[in-house]
Structure formats: C-alpha cells, structure tokens
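The block underneath contains the structure these notes are about, expressed in structure tokens.
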Amino acid sequence: MKILSWNVERLKTQQKEKSNFIKDLINAENPDIIYLTETNLNLDFGDEYFSLHSTALSNFHDNQDYTNQENRTSIFSKYPFIQIFQTYDHHTAICGKISTEFGDLYLYGSIIRSFGGKDIYFENDLKNQKDDLMKLSGTICYSGDFNISFSGFKYPSKKVIEETNQFFKTMEMKILTEENENCAIHIVLNKNFIEGKKTSTRMIEIPGKISDHNAVISEIMENLEPTTY
C-alpha cells in the first residue's frame with residue numbers, strides 16, 4: 001500500500017501547467033491513497049480512484065479570498081469508501097472508511113489551520129481534530145498539512161510538538177513521517193495496522209513555483225522475510 005500526501009498550495013482552476021505537473025507526478029507514483037490539501041475540486045485522477053472532498057470555499061471565507069472550486073482537503077482512494085463520517089468542520093476535515101488487504105481503515109484528512117500554526121484558529125483545529133479521532137472506533141490513517149514539524153526546526157513550538165506526540169502515543173499511533181526535516185505534511189497510522197509489516201517513507205522535492213511544500217510518501221508492505229525461531 002502506497003500513501004501520498006501533499007499540500008499543492010492553493011491550486012487555481014486556470015493553472016493548467018501546475019495542474020498537469022501535479023497529475024503527472026502523482027500518476028507516476030501510482031499511490032493507492034492520495035491526501036491533498038489546499039487543493040481544487042477540478043483536480044481528478046480518473047476512474048481508478050474514489051474521492052472524498054471538503055466543501056468548496058466561498059469567494060471570501062475565514063477572512064481570506066478564494067477562487068472558484070478551491071477546497072482545503074481531498075482524499076483519493078483506489079479502495080471504495082464504505083462509510084463517510086461527519087467531521088467538526090466540513091470545509092477543513094474529511095473522513096471516510098475503506099476496506100483494504102490489511103483490514104478496514106478510517107482515512108481522516110485535514111489541514112490544521114490553513115494560515116500557519118501560531119494562532120487560536122490553529123489551536124481550535126488541532127483540538128477539534130483530536131476530538132474527531134477519539135470518536136472513531138477502529139484503525140485510522142490521519143494525514144494532511146499539520147503545520148507541525150517534528151524534526152529539524154521545531155514548529156510551531158516545542159510545547160505543541162510534545163503534546164501532539166503524547167496524543168499519538170495515547171492513541172497508539174505512529175508518525176511515519178516524523179523524521180522528515182522541516183516538513184509539515186504527515187502520515188500517521190495506528191500501530192496495529194503496520195505491526196509485522198515493512199514501512200518506508202520518503203519526501204519528493206517540489207519546485208517552489210509549484211508548491212511551498214514537498215510531497216511525502218509512505219509505503220506499507222507485507223514482511224516476506226522468513227521467520228526464524
């Protein structure tokens with residue numbers, strides 16, 4: 001299973017060259033699950049994927065101007081969604097349940113405050129998303145733009161990082177992307193989903209004219225090495 005997550009930095013409908021770059025990169029990686037933030041409802045990856053989207057933003061939302069069809073969060077999955085769950089804010093976070101070869105999985109996608117990690121809105125988003133995750137009964141893949149860097153420059157603060165790490169420990173979740181330096185895009189999974197499996201994570205460096213965020217990829221594979229006793 002390959003999971004890709006990326007903030008595409010406010011893709012506009014008319015940005016055809018940027019849209020083509022995004023599609024070409026993602027199609028070349030051929031992920032099973034795609035999380036996109038600061039994206040656009042016109043972005044599509046074909047019939048192979050089922051999709052779930054946050055509500056399109058109005059021209060003026062949360063004191064910010066937006067263009068037609070911009071939305072904050074989208075998930076594309078090769079596995080069909082068998083249930084959709086309401087989140088605290090339909091403009092920001094989305095959640096659907098899928099059935100995979102490794103078991104059922106809740107896909108929770110979000111951005112934790114689209115204007116950075118330093119204000120009360122960030123704190124509210126983080127709290128509400130934690131509350132959403134605690135309500136889910138089952139295995140979770142939580143991904144998106146957290147506006148938190150767990151490695152390298154400690155952003156937004158050591159306190160936020162420590163509290164978030166403690167929350168994931170309590171939830172028995174693993175931050176697969178925590179070693180990516182200066183990276184705010186993350187993929188977090190319950191440990192029971194990856195137990196006994198091989199995992200790998202990498203970043204794809206993105207030109208600044210496309211996005212101010214690199215894409216991240218995590219892969220989960222069956223451990224085929226023979227067991228020794």
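The values are calculated or read from the model by the stated rules, or taken from the named source; none is laboratory data. Note that the coordinates shown come from a computational prediction; the quantities given were computed from them, not determined experimentally. Positions of Cβ are generated from backbone atoms using ideal geometry, with glycine treated the same way; all protein chains shown enter the neighbour counts.
Exactly one condition in (1) surrounded by fewer than 14 Cβ atoms within 10 Å (Cβ to Cβ); (2) over 18 Å from the mean Cα position of the chain (by Cα) is not met by Thr67; state its number.
In the conditions (1) surrounded by fewer than 14 Cβ atoms within 10 Å (Cβ to Cβ); (2) over 18 Å from the mean Cα position of the chain (by Cα), Thr67 misses (1) alone.
Residues in the range 135-152: is at least one modelled with pLDDT of 95 or more and part of a helix (DSSP H, G or I)?
The answer is yes; a qualifying residue exists.
Just checking, which of Thr13, Thr55, Thr87 is among the polar types (S, T, N, Q), in a loop (DSSP other than H, G, I, E, B) and over 23 Å from Ser211 (Cα atoms)?
Just one listed residue meets the conditions, Thr87.
Can you go through Asn30, Asn7 and tell me which one is touching a residue at least 60 places away in the same chain (Cβ under 8 Å) and within 30 Å of Ile194 (Cα to Cα)?
One residue alone meets the criteria, Asn7.
Would it be correct to say that Glu38 is assigned to a strand (DSSP E or B), in contact (Cβ under 8 Å) with a residue 60 or more places away in the chain and under 24 Å from Asp212 (Cα atoms)?
Spelling it out, Glu38 is indeed assigned to a strand (DSSP E or B), in contact (Cβ under 8 Å) with a residue 60 or more places away in the chain and under 24 Å from Asp212 (Cα atoms).
Looking at (1) among the acidic types (Asp, Glu); (2) in a helix (DSSP H, G or I); (3) surrounded by 14 or more Cβ atoms within 10 Å (Cβ to Cβ), find the lone condition where Asp131 falls short.
(3)
With at positive phi, at pLDDT 95 or above and either more than 16 Å from the chain's Cα centre (by Cα) or assigned to a strand (DSSP E or B) (or both) as the only criterion, which of Gly96, Gly46 stands out?
The conditions single out Gly46.
Which residues, taken from the range 167-192, are touching a Gly at 6+ places or on another chain (Cβ under 6 Å) and among the charged types (D, E, K, R)?
Within the range 167-192, Glu181 is the sole residue that qualifies.
Could you tell me whether Phe146 is more than 22 Å from Ile84 (Cα to Cα) and not polar (S, T, N, Q)?
Spelling it out, it is not the case that Phe146 is more than 22 Å from Ile84 (Cα to Cα) and not polar (S, T, N, Q).
Take Glu178 and decide whether it is surrounded by fewer than 18 Cβ atoms within 10 Å (Cβ to Cβ) and either within 17 Å of Ile3 (Cβ to Cβ) or of a type in the set (Asp, Glu) (or both).
So Glu178 fails the test.
Being without any contact (Cβ under 8 Å) to a residue 40 or more places away in the chain and acidic (Asp, Glu) is the filter; apply it to the range 187-215 and report the residue that is nearest to Ile112 (Cα to Cα).
My answer is Glu205.
As an exercise: evaluate Leu52 against (1) of a type outside the set (S, T, N, Q); (2) buried (at least 23 other Cβ atoms within 10 Å of the Cβ); (3) in contact with a Gly (Cβ under 6 Å, 6 or more places away or on another chain) and give the number of the one condition it does not meet.
All conditions pass for Leu52, except number (2).
Take Gly109 and tell me if it is on the phi > 0 side of the Ramachandran plot and either surrounded by 15 or more Cβ atoms within 10 Å (Cβ to Cβ) or not hydrophobic (A, V, I, L, M, F, W, C) (or both).
It is false that Gly109 is on the phi > 0 side of the Ramachandran plot and either surrounded by 15 or more Cβ atoms within 10 Å (Cβ to Cβ) or not hydrophobic (A, V, I, L, M, F, W, C) (or both).
Can you pull out every residue in the range 7-21 that is more than 13 Å from Glu70 (Cβ to Cβ) and surrounded by fewer than 17 Cβ atoms within 10 Å (Cβ to Cβ)?
Lys16, Glu17, Asn20
Report, ordered by the first and then the second residue, all pairs with beta carbons closer than 9 Å, sequence separation of six or more or different chains, a first member in the range 86-101 that is more than 20 Å from Leu36 (Cβ to Cβ) and free of Cβ contacts under 8 Å to residues at least 60 places away in the same chain, and a second member that is of a type outside the set (Val, Ile, Thr) and part of a strand (DSSP E or B).
These pairs meet every condition: Gln86/Cys95; Ser99/Leu105.
Only one of Phe81, Phe60, Phe122 is hydrophobic (A, V, I, L, M, F, W, C), closer than 22 Å to Pro156 by Cβ and either without any contact (Cβ under 8 Å) to a residue 40 or more places away in the chain or crowded, with 21+ Cβ neighbours inside 10 Å (or both); which?
Phe122
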